[in-house]
1. I'd like the residue in segment 37-74 that is farther than 12 Å from residue 17 by Cβ and aliphatic (A, V, I, L, M) and, out of all such residues, is farthest from the chain's Cα centre (by Cα).
2. Can you list the strands (runs of 3 or more DSSP E) found entirely within segment 185-250 that contain at least 3 residues being open to solvent by less than 40 Å² (accessible area, probe 1.4 Å), more than 17 Å from residue 80 (Cβ to Cβ) and not β-branched (Val, Ile, Thr)?
3. Does any residue of segment 127-134 turn out to be open to solvent by 80 Å² or more (accessible area, probe 1.4 Å), touching a helix residue (DSSP H, G or I) at 6+ places or on another chain (Cβ under 7 Å), assigned to a strand (DSSP E or B) and farther than 30 Å from residue 54 by Cβ?
4. Looking only at segment 55-77, how many residues end up being more than 16 Å from residue 25 (Cα to Cα) and either touching a Pro at 6+ places or on another chain (Cβ under 6 Å) or among the aliphatic types (A, V, I, L, M) (or both)?
5. What are the residues in segment 152-185 that are among the basic types (Lys, Arg) and in contact (Cβ under 8 Å) with a residue 60 or more places away in the chain, if any?
6. Search segment 232-250 for residues that are acidic (Asp, Glu) and pair each with any residue that is open to solvent by 100 Å² or more (accessible area, probe 1.4 Å) and not in a loop (DSSP other than H, G, I, E, B) when their beta-carbon atoms are under 6 Å apart and the residues are at least 6 apart or on different chains.
7. Do we find a residue being surrounded by fewer than 18 Cβ atoms within 10 Å (Cβ to Cβ), farther than 21 Å from residue 94 by Cβ and either at pLDDT below 95 or out of contact with any Gly (no Cβ under 6 Å at 6 or more places or on another chain) (or both) anywhere in segment 164-176?
8. Say we look at segment 142-163 and pick out the residues that are aliphatic (A, V, I, L, M) and out of contact with any Phe, Trp or Tyr (no Cβ under 8 Å at 6 or more places or on another chain); which of these is surrounded by the most Cβ atoms within 10 Å (Cβ to Cβ)?
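The values are calculated or read from the model by the stated rules, or taken from the named source; none is laboratory data. Here the structure is a predicted model, which is why all the values come from computation and not from measurement. Here the Cβ positions follow ideal geometry from the backbone for every residue, glycine too, while neighbour counts run over all protein chains shown. All accessible areas refer to the heavy atoms of the entire protein, side chains included, with ligands and DNA or RNA removed. Shrake-Rupley method; radii C 1.70, N 1.55, O 1.52, S 1.80 Å.
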Amino acid sequence: MPFGEQPAYLRVAGDLRQKIVDGVLPPHTRLPSQARIREEYGVSDTVALEARKVLMAEGLVEGRSGSGTYVREQPVPRRIARAGFHAVGGCTPFRQEQTDERVRGTWESNSEQEAASSAVASRLRVPPGARVMRTRYVFRAEGEPAMLSTSWEPLDVTGRTPVMLPEEGPLAGRGVVERMAAIDVVVDNVVEEVGARAALAEEAMTLGGVPGHAVLVVSRTYFAGRRPVETADVVTLADRYRVAYHLPVK
């Protein structure tokens, strides 16, 4: 294949993609059949099938059992605002993850003790197998699932204290900073890394997406000095949300 020349299935997919973007094939329109693609572009059945697979993998079309393949309606991305550090004073877990005050939200959670995996232990700087409190959250913005979060806190910090369970006790439903302050642990910095990967099936199901499509993952760790006191992975659909950071200029 000459340098720069695209395979036939990518050229067909590219043309169909442009028709979707331009509105020639609007949302909920049935994609041309495999036979129609073959005839219109002068390609084989294999090429037509691969072109359709590309559009499906990109999330532009979806298959409907017994009906065919249709153009998906693309959501208008919403913003998830991040501000890093949150001071003491009524910060809830939802506000901790979405700092845009205009967005109203709720959350559901479940906490369990477990042994730290090697990855979690590395992030918390504890030995693998150390006891941690794992809390899973589902955050809803205006009633719709928006984010998932799994957090881990070392029990050698919070164990046998009133804040051992993030969603129970006198500071139930408060943010990490406020809860840690209650046990004389001063959180003074936070590190976040943003990446992307394919959605797990259960993540896509909860968030209302399609398995395999991309999710954004914000990996966050709160520190008291140089000691990590909480680490979490915040997951949201990449085609529905954008992560916006508000960083102070020093």
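1. 43
2. Hits in segment 185-250: 214-224.
3. Yes, segment 127-134 contains at least one residue that is open to solvent by 80 Å² or more (accessible area, probe 1.4 Å), touching a helix residue (DSSP H, G or I) at 6+ places or on another chain (Cβ under 7 Å), assigned to a strand (DSSP E or B) and farther than 30 Å from residue 54 by Cβ.
4. So the answer is 2.
5. 174
6. Listed by first residue and then by second, the contacts come to nothing, as the list is empty.
7. Checking segment 164-176: not a single residue is surrounded by fewer than 18 Cβ atoms within 10 Å (Cβ to Cβ), farther than 21 Å from residue 94 by Cβ and either at pLDDT below 95 or out of contact with any Gly (no Cβ under 6 Å at 6 or more places or on another chain) (or both).
8. Among those residues, the one meeting the criterion is 163.
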